[in-house]
Structures are given as C-alpha cells and as structure tokens.
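The values are calculated or read from the model by the stated rules, or taken from the named source; none is laboratory data. Model, not experiment: these values are computed from the prediction. All Cβ positions, even for glycine, are placed from backbone atoms using ideal geometry, and neighbour counts span all protein chains on display. All accessible areas refer to the heavy atoms of the entire protein, side chains included, with ligands and DNA or RNA removed. Shrake-Rupley method; radii C 1.70, N 1.55, O 1.52, S 1.80 Å.
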Amino acid sequence: MSTATRTFRARSLTDALAQVRDQLGPDAVVVRRREGLEGGVAGFFQKAVVEIEALPGGPALASGDGLSTAVLDEDAAIVPDPAPAPIQMAPGLARGAAAAGFAAALATAEATPADPSSEGAARPAPLRPHVDAAVDAFPSPRDSGPEVVPIVNAPAPAHTFVAEPPASRELATTSHLLPAVTPGPAEHPEVQRVLGALHRAGLSEAFAAVLVGEATVHGLPFAEGEGPARLRPFVARALARRLDVAPLRSASAVAVVGAAGAGKTAVIARLATAYAAAGRLPVAVISLHPKDGGAELARLLAPAGVPLWATDDVEGAAARIANLRRGALVLVDTPAVPARAGAERDALVADLRRLGLDEVHLALPAVLAGEVAREMLSAARDLGADRIAVTHTDATARLGMAVELAVEAGLPISYLVDTVGVRPAAAEDLAFALLP
C-alpha cells in the first residue's frame, strides 16, 4: 500500500472522513486538516469546505522508520493537490465548523471499545477542538502543524504525533471590500426653506417633516450631477406619490354635494360649460330641490346653452338620468348638506340613492381646514361621496390644508375650481404648486 499522503476535500468533516475511509481503508490516519470557504463572487456567497490530508495506516504506516521524517516531519513542506478554485478562509465560520466537526469525532472515538491487543502500546494524544482563528490561503497554504485525527475503529499508529500550537498569523478578511463607516451627511441646506414653504402652503409640521425626511433619505441618493442636489423636486414627488386623483373618465351620472357656500353649484356650472364648449360629449344638468328654482344655475349655464331641469321630483329625476346617461354626461346639483345629522340629512341620503348615481363629489373649500373640514367630510361620506373637488382655490395660498385632508381621508381629488374655471387634478402639478 502506498505511504504517500493524499488530500481529500468535502463540504463537511464527516464527508471528508468518509472519503478517507472509502479510499484508504479503516486504518487510515489523518495528519492535517484545514477549513474555509471557496467560490463565490468578491468574497460573498461562498460555501464551506473542509480539506484533510491522510495516509494509509496499519502495516504501511509502521513499515519504515524514515516514514515519519519524510512525510510528517514538522519542517517538511506539505503541498496540497491543486484546488479547483481559490479559497478564502473566514475565521468565524472556520472556528464554528471545526468545533462542531471535531466534537462529533471525539464523541464517537470515546464511545469506541478499546482494543485488548493494544494494551501498553503508545496511544495518540487526546483530540482537541481546532481553535485556530487564522486564515489559510490557497494554493500556498499557511496552516497549523500536523494534527493526527484517527479514523474511527483504526488501530493505534506506530508513531504518535502531537500537534504544535497554531502559529500566530495575519488575518485575511474582506473588510477592504466595504466602504469606511463615516458620519451621516450634514443637513441639506434646503431643508429649512422647504419645510417653511410647506407650512406656509397649509401642510402640518408633522406631515411636512415626513415628506422632507423621505425625500432626503430615498430621493437625494438618486440625484444627478455634482454638488448638493435640489431638495424641492424630491419633496414634491414624495407628496405626489401620496396623492390620488380621479377626474371623470367616461359618460356617467355625477352629483356634487357640499355645505352652503362650499361652491358645489360653481363646480356643476364650470364642468358643464367646459364639456359643452368642447362639443365631444353631450351634457345635461339637473338641479334637485333648488331653493331659488334653479335661477342662479340657469344664469351660469345660459352662455353655454346647457339644458337644465330644476325639480323636486326625485323619481322623475331618476328617470331622466336613466335615459340620458347612455350617451351623455349628467351633472346633478344638490341641496346644501345639513350641518347636523338628523331627518333632513337622512332624506337627502335617500334621495341620492334613488337617483342611481355613478359618482358623488364633495365640494371642499380650500379655505376650510381642521375639525370643520373633517366634519363636512364625515357628513359627505354618509351621502356616498367618494371624491373631493377642491373649490375656492384662488381664495387662499394654503391649498395644502385640503390636500393633506384628502391624503388623510384616503379620497382622490377630482377637480380644482376657482372663480375663472375648473381643471382636472394632477398629482405632480398639485404637489409642485405647493412648493414655489
């Protein structure tokens, strides 16, 4: 049997010992062991590997006195078989793998019955867990001294070898691949200016701080160019991502509700005039329970020639809507929402349900904020309101109050209405308008 050492490599110590037993027999003796990582990309995604050197045991090992000098002498160079890929050792992982593997081997060896024929013979030194934290680098390894690990059930070898204490070596790590840890960047020079602009636009300090924080952390890293990037565009886009908009997209029956003076009649008149001027979609208006008989709305619609039906007959209005909605846009002006819940508000809720509407828009004045606005929104929800048309947008510079309320309520904004006209809401346009 050949007395030359052979190298075996596997993912675990157990698998490597199994290879030794299969190829060199149960009498083989392990003389050196290494653990580490191999493969991966730039030091990442590597896999654990165990490499051991062994030589045949039994008669082959005991046949010559010069064998230990030639093969196992501490000064003799031991060159492993060429490795299929460079291996970079990770001290923490190598220590854990060695401790687990050798603890299992030690437990198995201690449980093996002693060979009666070997009484009085020299026995190998007790196994010790490998605690070498140094890093081995292939193909020119810098490993510890010879360490004999007998295969289970192997007889005691003729020569006993005690491993030398591991030598101190410089650790090789992947820390050079990671950027140095530095303090966070100083506050962006525009932070205070942008916060002030958002507050003046009507946003609360808490909401403004959330938007600026998101823009600073998740926006600025993607800014192009050199020097401090402008913070304002990223804050505006952070707000736009929170805004939902939903102007009309098809022919339907739409009602506008709101408190007295909220501008709901103005919303109806401006929408009807815009569609009539375009001439692409027929439009008709119904005024339900008008206090003035529909006189004000008729005056606003007259220049555009839009037909108007002012009525107290809910069933008749529902029939007109059913006939017209097939190819036209039907806009319904409603009575003012009662300030308090009660029979009057319940009656309005019932009337709107009988009309079979597709959408209900709340006319919310831009000048309204706080608890009053929230109370109006709560009442409008009882009426089936699912969108917000912001009115009186030219009466205040604090449009952010209505915008924040829409975000808080989770309702889309449909239109922005002023004394001149109406325009569909666009998230980014609205957001940038708050940051001049």
Flagged in the range 374-392 as over 17 Å from Ala246 (Cβ atoms) and out of contact with any Ser or Thr (no Cβ under 9 Å at 6 or more places or on another chain), in numbering order, are Arg374, Glu375, Met376, Ser378, Ala379, Asp382
Residues located in the range 244-258, provided they are closer than 21 Å to Val403 by Cα, in a loop (DSSP other than H, G, I, E, B) and either open to solvent by less than 40 Å² (accessible area, probe 1.4 Å) or out of contact with any strand residue (DSSP E or B) (no Cβ under 9 Å at 6 or more places or on another chain) (or both): Ala246, Pro247, Leu248, Gly258
Among Ala262, Ala269, Ala208, which is in a helix (DSSP H, G or I), open to solvent by less than 10 Å² (accessible area, probe 1.4 Å) and at pLDDT below 95? Ala208
Quick check on the range 346-353. Is at least one of its residues open to solvent by 40 Å² or more (accessible area, probe 1.4 Å) and closer than 18 Å to Ala246 by Cα? no
From Ala304, Ala373, residue being open to solvent by less than 30 Å² (accessible area, probe 1.4 Å) and either of a type outside the set (A, V, I, L, M, F, W, C) or touching a residue at least 24 places away in the same chain (Cβ under 8 Å) (or both): Ala373
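Listed here are the residues, each with its yes/no results for (1) in contact (Cβ under 8 Å) with a residue 60 or more places away in the chain; (2) under 24 Å from Thr393 (Cα atoms); (3) among the hydrophobic types (A, V, I, L, M, F, W, C); (4) open to solvent by less than 30 Å² (accessible area, probe 1.4 Å).
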site	(1), (2), (3), (4)
Ala229	no, no, yes, yes
Leu239	yes, yes, yes, yes
Ala276	no, yes, yes, no
Asp292	no, no, no, no
Thr311	no, no, no, no
Ala317	no, no, yes, yes
Val332	yes, yes, yes, yes
